[in-house]
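Okay, structure first, notes after.
Each reported figure results from applying straightforward, stated rules to the coordinates on display, with no laboratory input. This is a predicted model, so every value here is computed, not measured. Cβ sites come from the backbone with ideal geometry, for glycine too, and all protein chains shown count toward neighbours.
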Amino acid sequence: MLQLVENKYEMETLPGDFGGLNPAATNFYGTIGSGRTYHGVEVNEIQFINPEHEKFYYECLNKSANNDVYHKSLFYTLGLTKETRRNINSLYDFKEHVIDFGGLNAPWHTSTTTRVVRLAFNLFNGFNGTDEKRKIDNPSLYTPYELFADELMGFFLQAVIIRFPNYWG
């Protein structure tokens, strides 16, 4: 059952074991257009998977001191799973303000976290598995067909909306 609680939608947990990733099987959590701000970042109609995701998003924006659409989409996407939140420092260098490609091949990855990181990196700077010097990953794995074949697809679409806000009404 979906109910509004303090400007947030919450959904009761449904039965089933989906590893905590399927929004239909977990507590779905999101904000509505309330005009709130968090550390100077406007909160408007961003859907979060859970409170930890929302907290991570705003903490990373604050820590990075960047509030542009590139960082917003990066941290939103990387915050979708517990594993990527826990390993943020292997994926993003807060000192240099750059993504860390070494995090793509970390042993903690699952198929879902790999898709999350690939999408996050692509939205951040168009990364598609290669840079001007070398091939880091298979570029064909960065296509929508590969990336969006996941139970987090609705949240992936939210990340695209965050990255390209001028194209959404």
Quiz item: Given that compact globular proteins tend to follow 2.2 N^0.38 Å, what is the ratio of the alpha-carbon Rg of segment 97-169 to that value?
Solution: 1.12
Exercise. Report the net charge of residues surrounding A159, where surrounding means a beta-carbon distance below 13 angstrom and charges are Lys +1, Arg +1, Asp -1, Glu -1.
Key: +3
Exercise. Would you mind ranking S73, S140 by Cβ crowding within 10 Å, fewest neighbours first?
Key: S140, S73
Quiz item: How much length is gained on full extension from K55 to K82, taking 0.36 nm per residue of separation minus their Cα-Cα distance?
Solution: 8.5 nm
Quiz item: Which far-off residues, 5 or more places away or on another chain, put their amide H under 5 Å from the one on Y92, with H placed in the peptide plane?
Solution: D100
Quiz item: Count of lysine pairs in segment 51-167 with Cα atoms under 23 Å apart, counting only pairs 8 or more residues apart in sequence or on different chains?
Solution: 10
Quiz item: In terms of modelled amide H atoms, which long-range or inter-chain residues lie less than 5 Å from the amide H of N128?
Solution: none
Quiz item: Which FRET efficiency value, to the nearest 0.05, is calculated for N89 and W168 with the Förster distance at 25 angstrom and r the Cβ-Cβ distance?
Solution: 0.20
